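Down below is the structure, laid out as structure tokens.
The values are calculated or read from the model by the stated rules, or taken from the named source; none is laboratory data. Source: prediction; values computed, not measured. Positions of Cβ are generated from backbone atoms using ideal geometry, with glycine treated the same way; all protein chains shown enter the neighbour counts. When the accessible area is computed, the model is the full protein with side chains, heavy atoms only, and any ligands, DNA or RNA have been set aside. Shrake-Rupley method; radii C 1.70, N 1.55, O 1.52, S 1.80 Å.
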Amino acid sequence: GSAGAAGNVSGGAAGSASATGGTGGAGPMKPFTCPAGPYPDQMMGASTDVCVGFTYNYNYNEGPTWIASQNAFFFTNFIVGSYMGGDIIKYTPGGQCEVWLHEVGCNGLGVSTTGNLLAACHGPRAVMEYDVKTKQGRMVATMAHGKMLDSPNDLIARSDGNIYFSNRTAELGNRPQGLGESLVRIDPAGATTVIQVGALNGLALSPDETKLHVVGMGTWPLDA
């Protein structure tokens, strides 16, 4: 899952329609499966600076996400607290960083069940899916419980097509509030449901997809 709290740009790059579709992959897939254990003790590895010499248009990086089919790392670059502007940056290991999409106004990123790029976007007040080959975007969700989304912040997709996202107001700006801060689910048919109302931030699934972790709210067990 993508990081919940925004990171400063000086640190480098770390930092309703159907909910499925696109041409990024060959059917539903899990973004990651844990290898068989036992596991060694965790330790800090070596780090390498990326995007050296690259000029960012905005001051914060967020949403680190690996897209296997592109052999590339994607993240967002935007202004915290503002819905104006905001790029999606692509970094190819061994290569350069590039502005993949300009002024789309997105925050957290994820991988859809078809291998495309999912984005929680405060600019259009929507959860978006971008085709990794054509860059064409489509709105996955713009409303929940009859109200407009505010500034979707982070998201994670389950391999069965369910998408969970945090709807925040941090990048709402002077626009009128809609749903308010809430944890929302998009089912595989595209229907949105509010799971819980309240302050929240980043989201992640356990590797076996049986638990949903939400910063500021807690953990939910997930059944089939």
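Structure data summary
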| item | result |
| --- | --- |
| Residue within region 53-62 that is open to solvent by 70 Å² or more (accessible area, probe 1.4 Å) and touching a helix residue (DSSP H, G or I) at 6+ places or on another chain (Cβ under 7 Å) present | yes |
| Selection from region 183-192 of residues that are surrounded by 13 or more Cβ atoms within 10 Å (Cβ to Cβ) and either modelled with pLDDT under 95 or farther than 28 Å from Val80 by Cβ (or both) | Asp187, Pro188, Gly190 |
| Lone unmet requirement of (1) open to solvent by 30 Å² or more (accessible area, probe 1.4 Å); (2) touching a strand residue (DSSP E or B) at 6+ places or on another chain (Cβ under 7 Å) for Phe74 | (1) |
| Test: residue in region 88-97 that is in contact with a Cys (Cβ under 7 Å, 6 or more places away or on another chain), within 22 Å of Ser151 (Cβ to Cβ) and crowded, with 19+ Cβ neighbours inside 10 Å | yes |
| Residues that are under 22 Å from Thr142 (Cα atoms) and either polar (S, T, N, Q) or under 13 Å from the mean Cα position of the chain (by Cα) (or both), drawn from region 66-86 | Phe75, Thr76, Asn77, Ser82 |
| Members of region 33-52 found to be of a type in the set (Gly, Ala, Ser) and open to solvent by less than 100 Å² (accessible area, probe 1.4 Å), listed by number | Ala36, Gly37, Gly45 |
